[in-house]
Amino acid sequence: MLWLVALMSFAILGLIVAGFLLDQRPQAVSAIRSWFRPLLGSQLVVFVGAQIALLALGVSDALAAPETGAAAEGLKEMSVGLGLAMIGVGIPTGLSTIGAGIAVGPIGAASLAAITEKPENLGRTLIYLGLAEGIAIYGLVISILLLNKL
């Protein structure tokens, strides 16, 4: 299974390197288009195939029998309900962070425009920006409170 992870990492690394090369030399896009498109397609096929193989081979590892004996005594048994509860603990942080990101974008653009016209409005615009970022902190606090209930 380790070779599949290495294969996926190699495919992702190739895509990142190709993106950097195209960013540095955009005029070379037309020259390398003939060989770059099949290469990019093959990397995506390798990545998706390795992901499917990891899923197929990794299910047997995930469904392995739990350890018994002294090694498992110190560990809290993880059930499906506890696993779903752990996922549920992360949902408030994730959603509130997305909401804060959506809020900060227009507020940041508007505050930059306002500061350009009147520099003395910097303090007010920072307050509005801080209020928008507070949404993410509220989600984190809720997640911490939920985590303490488990």
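Only the coordinates and a few stated rules stand behind these numbers; no lab work does. Since the model is a prediction, treat every value here as computed from it, not as a measurement. All Cβ positions, glycine included, derive from the backbone under ideal geometry; neighbour counts span all protein chains shown.
Structure summary
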item: Stokes-Einstein translational diffusion, segment 80-149 - Kirkwood Rh over all Cα pairs, 0.692 mPa s, 37 °C, in µm²/s; result: 243
item: Difference of contour (0.36 nm per residue) and Cα-Cα distance, Lys118 to Ala85; result: 7.0 nm
item: By average C-beta atoms within 10 angstrom, highest first, the peptides 137-147, 11-21, 113-123; result: 137-147, 11-21, 113-123
item: Efficiency of FRET from Cβ geometry, Ile16 and Asn148, R₀ 35 Å, rounded to 0.05; result: 0.35
